[in-house]
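Colleague: Dumping the structure here so I can ask a few things about it.
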Amino acid sequence: MQISVRETGANKFTQEIKVGDHILVADEPVANGGNDLGPSPYDFLLAALGSCTSMTLRLYANLKKIPLEGVLVKLQYNKIHAQDCENCEDKHALIDHIDRQIELKGNLTEEQRKKLLDIANKCPVHRTLTSKIEITTKLL
């Protein structure tokens, strides 16, 4: 599926995102010069990770008949100083950091909870974000 993104022309940063039959709006917060008419690009990135995490956990729990009653994923994006990063080469640089908190509802054993955490780290979007990504750009 191809996704298209275009300026709406209505405001400085407002974008129309077309995903199949779905139309979404992206914008920047007022503090960043936008009109806050929709989520920011990083909000969409976090939403992709959160929804993929939840869906992957649901799929696995259903497959393994784990009594998972609900999943809540909370995410936050920040830039942190590399000095806070154990494996960073340049301790003065800023690195991207996503904090993901997962609440699992249901009568789960500690072993099931640990396995679900392991599965959460294997969701396709998580794997994409933590892998080497190559982006090819062409002008039309």
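Colleague: At pLDDT 95 or above, more than 23 Å from ALA26 (Cβ to Cβ) and among the β-branched types (Val, Ile, Thr): which single residue out of ILE119, ILE95 fits that description?
Modeller: Unique residue meeting the criteria: ILE119.
Colleague: I'm checking my understanding of the structure. Among residues of the stretch 28-55 that are open to solvent by 30 Å² or more (accessible area, probe 1.4 Å) and polar (S, T, N, Q), which one is farthest from the chain's Cα centre (by Cα)?
Modeller: Result: ASN35.
Colleague: How many of the residues making up the stretch 1-15 are of a type in the set (A, V, I, L, M, F, W, C), modelled with pLDDT of 95 or more and open to solvent by 80 Å² or more (accessible area, probe 1.4 Å)?
Modeller: Step one: filter the stretch 1-15 for residues of a type in the set (A, V, I, L, M, F, W, C), giving 1, 3, 5, 10, 13.
Checking which are modelled with pLDDT of 95 or more leaves us with 3, 5, 13.
So of that shortlist, the ones also open to solvent by 80 Å² or more (accessible area, probe 1.4 Å) come out as 3, 5.
Qualifying residue count for the region: 2.
Colleague: I'm checking my understanding of the structure. Among residues of the stretch 102-118 that are among the aliphatic types (A, V, I, L, M) and more than 15 Å from PRO67 (Cβ to Cβ), which one is most open to solvent (accessible area, probe 1.4 Å)?
Modeller: LEU117
Colleague: Grab the strands (runs of 3 or more DSSP E) fully contained in the stretch 1-75, keeping just those with 2 or more residues being of a type in the set (D, E, K, R).
Modeller: Details: elements: 3-7, 15-19, 22-26.
The qualifying strands (runs of 3 or more DSSP E) are 3-7, 15-19.
Colleague: Still on this structure, I have one more. For residues that are in a strand (DSSP E or B) and of a type in the set (S, T, N, Q), scanning just the stretch 76-92, find the one that is modelled with the lowest pLDDT. It would help to see each step written out before you state the result.
Modeller: Start the filter on the stretch 76-92 by keeping residues that are in a strand (DSSP E or B), which leaves 76-81.
Restricting the remaining residues to those that are of a type in the set (S, T, N, Q) gives 76, 78.
Details: GLN76: 97, ASN78: 92.
Restricting to residues being in a strand (DSSP E or B) and of a type in the set (S, T, N, Q), the top hit is ASN78.
The values are calculated or read from the model by the stated rules, or taken from the named source; none is laboratory data. In this text, all values refer to a predicted model and were calculated from it rather than measured experimentally. Note that we place each Cβ from the backbone using ideal geometry, even for glycine, and neighbour counts take in every protein chain shown. For the accessible areas, the whole protein counts, side chains as well, though only heavy atoms, and no ligand, DNA or RNA atoms are used. Shrake-Rupley method; radii C 1.70, N 1.55, O 1.52, S 1.80 Å.
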